[in-house]
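Since the structure comes first, as structure tokens, the remarks are kept for the end.
The values are calculated or read from the model by the stated rules, or taken from the named source; none is laboratory data. None of the values given here were measured: they were computed from a predicted structure. Here the Cβ positions follow ideal geometry from the backbone for every residue, glycine too, while neighbour counts run over all protein chains shown. Please note that ligands, DNA and RNA were not included when accessible areas were found on the heavy atoms of the full protein model with its side chains. Shrake-Rupley method; radii C 1.70, N 1.55, O 1.52, S 1.80 Å.
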Amino acid sequence: QVQLVESGGGLVQPGGSLRLSCAASGSIFSIYDMGWYRQAPGKQRELVARTISGGSTTYVDSVKGRFTIFRDNAKNTMYLQMNSLKPDDTAVYYCNANGVRTPSGFSTNYWGKGTLVTVSS
């Protein structure tokens, strides 16, 4: 069974930095794409950044130039380096994985339980 576990959230002052991690565990041969989503209080969940196996990345406009998504495929781990954080970045950040190849075949749409990021002075 595939599980995703996020870590690295916390309280940070505006302008500060955090690095989130998402570790995928289970009998995993490969993961095609992984992404970070976030959900702020009273708002819908939105895509923050996504990375495709092979290196292609996409970002929501509001984080371009501040956030960087990258993966360590050998460890089945994804990261989100967040710099110049703003109060509007406050949200629960979720990890998502699709195209996960296991001994049973390909599976999609796995989610972690989320990690809270609070940007406040």
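For Cys22, the conditions (1) surrounded by fewer than 14 Cβ atoms within 10 Å (Cβ to Cβ); (2) under 14 Å from Trp111 (Cβ atoms) are fulfilled apart from (1). Scanning region 100-121 for residues that are over 15 Å from Gly9 (Cβ atoms), in a strand (DSSP E or B) and in contact with a Ser or Thr (Cβ under 7 Å, 6 or more places away or on another chain) yields Val100, Arg101, Thr102. Each residue in region 4-17 was checked for being part of a strand (DSSP E or B), over 18 Å from Asn109 (Cβ atoms) and open to solvent by 30 Å² or more (accessible area, probe 1.4 Å), and 2 pass.
Screening the candidates Ala74, Ala97 for the property of being over 28 Å from Pro14 (Cβ atoms) and not in a strand (DSSP E or B) yields one hit, Ala74.
Of all positions in region 80-89, at least one carries a residue that is open to solvent by less than 20 Å² (accessible area, probe 1.4 Å) and either more than 26 Å from Gly15 (Cα to Cα) or not in a strand (DSSP E or B) (or both).
Ser27 falls short of the stated requirement of being at pLDDT 95 or above and either under 15 Å from the mean Cα position of the chain (by Cα) or hydroxyl-bearing (Ser, Thr, Tyr) (or both). For the residues Thr77, Thr68, Thr57, Thr51, the requirement of being open to solvent by 50 Å² or more (accessible area, probe 1.4 Å), within 20 Å of Val92 (Cα to Cα) and either in contact (Cβ under 8 Å) with a residue 60 or more places away in the chain or under 13 Å from the mean Cα position of the chain (by Cα) (or both) singles out Thr68. Of the residues making up region 43-69, those that are at pLDDT below 95 and either under 18 Å from Ser84 (Cα atoms) or in a loop (DSSP other than H, G, I, E, B) (or both) are Ser53, Gly54, Gly55, Ser56.
Taking region 30-48 as the range and being open to solvent by less than 60 Å² (accessible area, probe 1.4 Å) and either among the hydroxyl-bearing types (Ser, Thr, Tyr) or closer than 18 Å to Leu4 by Cα (or both) as the test, the residues that pass are Ser30, Ile31, Asp33, Met34, Gly35, Trp36, Tyr37, Arg38, Val48.
Every residue in region 19-48 that is in contact (Cβ under 8 Å) with a residue 40 or more places away in the chain and polar (S, T, N, Q), please. Within region 19-48, Ser21, Ser25, Ser27, Ser30, Gln39 meet the criteria. Does region 96-117 contain any residue that is surrounded by fewer than 19 Cβ atoms within 10 Å (Cβ to Cβ), β-branched (Val, Ile, Thr) and under 12 Å from Val2 (Cα atoms)? So far as region 96-117 goes, yes, one or more of its residues are surrounded by fewer than 19 Cβ atoms within 10 Å (Cβ to Cβ), β-branched (Val, Ile, Thr) and under 12 Å from Val2 (Cα atoms).
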